[in-house]
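Asker: Submitted below is the structure of interest, expressed as structure tokens.
Coordinate-derived values only; no laboratory data. Quick caveat: nothing in here was measured; it's all calculated off a predicted structure.
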Amino acid sequence: MPDYAFPRELLDQPPEARLGYFKSFTIAHPLLKEADAALIQAIQEPAGWSLIFVYGPTGVGKTTLRRRVEKHLKESMMEVLRQDPGLVPVASMEAAAPDSSQFSWKDYYRRALIALDEPLIDRKLTCQVRSSFRDARDTFGRALTDPRAAGLEIRLALESALIHRRPAAFFIDEAQHLAKMKSGRKLQDQLDSIKSLASLANTVHVLVGTYELLPFRNLSAQLSRRSIDIHFPRYRAEKSEDYTAFRNAVFTLQRHLPLTGDSDLLPHLEYCYERSIGCVGLVKDWLTRALALAMNQNANAVNVRILEKTAWSLDQSERMARETVDGESDVSEKEEKRDRLRHLLRLGTTSSATAPAAARVNPPARHVRQRVGQRKPVRDLVGVAKEA
Amino acid sequence: MRNDDLATYETWDMTAPVIPPRSRLFHINPVGLGTPLVECLTSYISRVAQAHSISPGALQHHEVPKSGAPRQNIFSCGIKSRARWRARSRT
């Protein structure tokens, strides 16, 4: 008699209901709890507006984290919400991947306004039009300012909405899409738009995304002062406590598989780790597909054959692992970075091996582009070449 | 593999809490509320419209519910409506 972690009556229900149950539950694994506590702490910090960057590998549970924090904020603000119906506790939107190579701000503002339940988004006007009521016209009678052109009016409307609705946090999911643009516009301009929105409306903005978000951090001194980084990592096999936690997470998940038999995945734990690169969210997606297949085949448990059929291919897993490892190496706080900072502040290096540190301090020589026709600064041979 | 130190993690309920319905428009306090110099309705509607970056007419047309009275933009002061007013006052 296997011990079920799910309600017994679920076994009599149709497959859709069982699949729905498995999809909807969330396990509180240690890294998720840690990130959750860090994010709530960062949002409730009384230091005014800030930008919070939450980054982690794909499928680690970032969206789950966002939903959890939203729920927490709503619950904690319940009393205030009852008194002031004009307040919106929290708003969240997903930054859309642009159709072209450039990120569309107009689309962003529209989606943000929809997230704030703003009425009449199509009828926003710029303030000039509103103040002069009839806009300026040139000698041919054509309007000089088109009241519904540009993205300005919708941006002003968003600022106004954030000011009046006062959300505790504004979440931007998939924020790595903000980095997608043509070469013309700099990365910093992109983030400055968000930053000025956050500062004008005095609202905490939380940017949630994959490691592609990393170039956004620390673009300028002011942004560094105002931004908080939260790293939501995967479980690393090389750390024993991480691996144990991963095993426990898989164990918890398998006990919640609403099947009559007992699915034992622990003998295949390494295989699970290999294909899910240590992300619990990916394991759960995988098991959801495995569960659907098992119910389709009338199997009473998820066995290794079903697992193999629903696993990601080696290529897919390798791709995910490569991006993740690259991201992790960017994040890690290295001694090298500290030395560089101390050198900048004329503090002297910390590490005992001073000489190699000093060598590392020098940034790689910048490639100076030479102008066409300009010669390299070298000495020319003078005189007449002697005939030997 | 030792199975004796296996632990299961708690599950989180992720259903969103039910919050009281939010107002459709911003909460803006009328100027001089509670005094004889309280701001008039048209002024208030204009300010709400400005906060929403829409014209007062659009706000009235789309957001103020229809009543039994004939639908008319209270912000319009065109010749047409004035003519109608004159015609009405003559009778």
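Asker: Determine the alpha carbon to alpha carbon distance for each of A:LYS33/A:LYS71; A:LYS106/A:LYS195; A:LYS23/A:LYS62; A:LYS62/A:LYS309; A:LYS33/A:LYS62 and list only those over 18 Å. It would help to have the intermediate numbers written out before the result.
Answerer: Details: A:LYS33/A:LYS71 14 Å; A:LYS106/A:LYS195 16 Å; A:LYS23/A:LYS62 16 Å; A:LYS62/A:LYS309 26 Å; A:LYS33/A:LYS62 12 Å.
Pairs exceeding 18 Å: A:LYS62/A:LYS309.
Asker: Would you mind giving the average projected area, over all directions, of the Cα convex hull of the range A:237-331 in nm² with one decimal?
Answerer: 6.1 nm²
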